1. Report the full-extension gain for the segment Ser78 to Lys52: residue separation times 0.36 nm, less the Cα-Cα distance, to one decimal in nm.
2. Defining a contact as two alpha carbons under 8 Å apart and six or more residues distant in sequence, what relative contact order in percent does region 89-160 show?
Amino acid sequence: MKAPKQSRHGHLVSALAFVAGALCVSVAAPAYAVLGGEPMSAPKGATATSAKAVARAAVASGASSATTTSAANYTVRSTTLASGTVINEYLSTEGVVFGIAWHGPRVPDLASLLGSYFPQYQQGLKAQRAARGGRGPVSVQGSGLVVDSGGHMGSFAGSAYLPQSLPAGVSASDIQ
């Protein structure tokens, strides 16, 4: 049986419906921080966002612990997603995200959070799973990316940061 021939008007309506559907999907997609990029805009359904400026004293290399250089400033922005998961973004004074931490009932979309670093994370995860098996906490330790994640159903936590982008005086333990 031959399909009925569609008119020009029918093609136009179909094309417009496709474009409208694609726009709806892109608008509904969550907006997250991208590691190494700009901070996230509050996604739909986020219940709270706050920011806190932090100053850390940086110890000059080779100096005694009593000698400090200028303070390293960064900002921590916290957003609670509709799922209840809290994402903390660590921003340099230039406004670039150098670290992200999360805790809550669900793991956030790591592909969105890690951005261009996601393939590096996937490679590290694949190597870890090959060595240890497919279960347990994740610890990807590379020279350009560090990701730790773990938990159990209803309670997950993790962090990701760029070691080369940590401001002076900021350590990995500050990202939580």
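No lab work stands behind these numbers, since they all come straight from the coordinates. What you are looking at is a predicted structure, and each value in this text was computed from that prediction instead of being measured.
1. Numbers: separation 26, 0.36 × 26 = 9.36 nm, distance 0.86 nm.
Value of the extension gain: 8.5 nm.
2. Numbers: 96 pairs, mean separation 24.7, N = 72.
Computed over region 89-160, the figure is 34 percent.
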